[in-house]
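Student: Would you mind keeping the following structure in view while I ask a few things?
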Amino acid sequence: MSGRRSQARRYAVLALYQWQMTGQEPAAIMRHFFDDPAWMQVIAEGLGLLKGEQQSLADAVYDLNLFQELLRGVPEQVEDLDRQLATVLDRPLRQVTPVDLAILRLGVYELAQSPQIPFRAILNETVELAKEFGSTDDSHRYVNGILDRLARVLRPAEFSTQGGGGATSSSAPSPDAARKARPASAASASSTASATPAAGKRPEVPPTGREP
């Protein structure tokens, strides 16, 4: 997770974790972070949240606007985010470990508030966060499964056009399209067209070199 927006999510997860555990105001956490960026590294290391060799949090270049949005938006909407999570969780919310909950809340917030980012990109980002900070080695699978279920509710149009779900699953053709009887020549032409985006049509995923 080396991009500026990915780094902002790393910082945000740790800040949200701190907010959940201490009850500190998000604004106070943000001020403390701006005064001493190395503080986040100390929190992560002290709580054993960093796994393996990772880039120093204190040295990371990040997207300030995204960090601020997540640290403000998640606490402001936490009741609604938790209500949505409760519809797909396999356990009471209080039984989800705090760091996994911080990641899930961040993921739900982006699914609901960032429609310009494809849901698969959001799932991929949260899965990477769970691999790095998750409470267990299986946290990333758990986070992926929960957010995939919610994405089907919050992003139904994307599922109907892309098919499938999950952070790594591939798109599947529409069942209705598969049932249509077409001449061989038409099917061939359609196959060729589907492989090449139409002129002027915005792609479903962010353009090359642009982060989610």
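Student: For the stretch 99-168, which helices (runs of 4 or more DSSP H) that fit wholly inside it have 1 or more residues that are touching a helix residue (DSSP H, G or I) at 6+ places or on another chain (Cβ under 7 Å) and among the small types (Gly, Ala, Ser)?
Tutor: 119-133, 139-154
Student: State yes or no: is Glu128 modelled with pLDDT of 95 or more and either over 20 Å from Gly3 (Cα atoms) or not aliphatic (A, V, I, L, M) (or both)?
Tutor: Yes: the conditions hold for Glu128.
The values are calculated or read from the model by the stated rules, or taken from the named source; none is laboratory data. Every value quoted in this text rests on a predicted model; they were computed, and no experiment measured them. No Cβ is skipped: glycine too gets one built from the backbone with ideal geometry, and neighbour counts run over all protein chains shown.
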